[in-house]
Structure formats: structure tokens, C-alpha cells
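Some notes on the structure that comes next.
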Amino acid sequence: MRTVRVARVYDDPSPEDGTRVLVDRLWPRGLRKELAKVDIWCRSVSPSTELRVWYGHDPERFEEFAERYRAELADPERQAALRGLLETDGTVTLLTATKSLDISQAAVLADVLRSMS
């Protein structure tokens, strides 16, 4: 099984990161692109704006958010993007600006990718 990690985009890169993939729809505030150490910016797998705004990182909404986000990821275009991420060599680290990684879209996405590999 492929190793899929989750990390904050603001954290220093680690040698274990492998391919670093930003999975946020919006570029992280205050982070200069030339200093970001992002290999791929894959906006196509991020939650829709409507879902992201509705969720607002409210821990009480996480379960429903995860369910709705998984439904969005079933879209054929998003499935193609997910398969593309699985074709990268070695470890994939999903990057997000979110402070609470355990209730982030990156955590849901990591579970989806792990189940696909």
C-alpha cells in the first residue's frame, strides 16, 4: 500500500514527504509560492466552495462534511485527479493550511487515497 501523509503547508518539509501536494482550493494566506516547497497544487480534489464554507472547520460538522466530501470525490473528473495522485512515485504528502489536520479535507482525502491503493 502507498504511504499517504498529511501535513500543514506552513511546516518545514521533511525528507519523508515524498511528493508534496497542496490540496486546498485557495492558496494559503501569507505563503509565497516560490518558498512553498509544493510539488503539485491539485485544486481539483479540494471540496467545493459551498461545502468548504458550510463546514467552516466546525468539529461538530466533520462527520457530515466527510460524507458530503466523499460524495463530491466520486465525480469522474475528481476520480481521474485522484488516480493521477496515486501514479506518483513513493510517498505522497497532502498539504493543507488547516490547523486541525485530523478534521481537515486532507485527512478525508488521505483515507480515500489509501482505500484506492
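Assessment of the range 48-55 against the conditions (under 14 Å from the mean Cα position of the chain (by Cα) and either under 21 Å from Asp17 (Cβ atoms) or of a type in the set (Gly, Ala, Ser) (or both)) yields at least one matching residue. Of all residues in the range 24-43, those being loosely packed, with under 12 Cβ neighbours inside 10 Å and either more than 21 Å from His57 (Cα to Cα) or charged (D, E, K, R) (or both) number 5.
Criterion applied to Leu85, Leu73 was being under 23 Å from Leu31 (Cβ atoms) and of a type outside the set (Asp, Glu), and the one residue passing it is Leu85. Out of curiosity, is Val21 aliphatic (A, V, I, L, M), part of a loop (DSSP other than H, G, I, E, B) and surrounded by 15 or more Cβ atoms within 10 Å (Cβ to Cβ)? When the stated conditions are applied, Val21 does not pass them.
Being farther than 22 Å from Ala74 by Cβ and hydrophobic (A, V, I, L, M, F, W, C) is the filter; apply it to the range 23-40 and report the residue that is farthest from the chain's Cα centre (by Cα). Result: Leu35. Only residues that are of a type in the set (A, V, I, L, M, F, W, C) and under 9 Å from Ala7 (Cα atoms) were counted in the range 89-113, giving 5. Being at pLDDT 95 or above and part of a loop (DSSP other than H, G, I, E, B) is true of Pro47. Does Ala7 satisfy the condition of being under 14 Å from the mean Cα position of the chain (by Cα), among the hydrophobic types (A, V, I, L, M, F, W, C) and either modelled with pLDDT of 95 or more or in a helix (DSSP H, G or I) (or both)? It is true that Ala7 is under 14 Å from the mean Cα position of the chain (by Cα), among the hydrophobic types (A, V, I, L, M, F, W, C) and either modelled with pLDDT of 95 or more or in a helix (DSSP H, G or I) (or both). The set of residues from the range 59-117 being touching a Lys or Arg at 6+ places or on another chain (Cβ under 8 Å), assigned to a loop (DSSP other than H, G, I, E, B) and surrounded by 14 or more Cβ atoms within 10 Å (Cβ to Cβ) comprises Thr91, Ala97, Thr98.
The values are calculated or read from the model by the stated rules, or taken from the named source; none is laboratory data. If you're wondering where the values come from, they're calculated on a predicted model, not measured in any experiment. We place every Cβ from the backbone using ideal geometry, glycine too, and count neighbours over all the protein chains shown.
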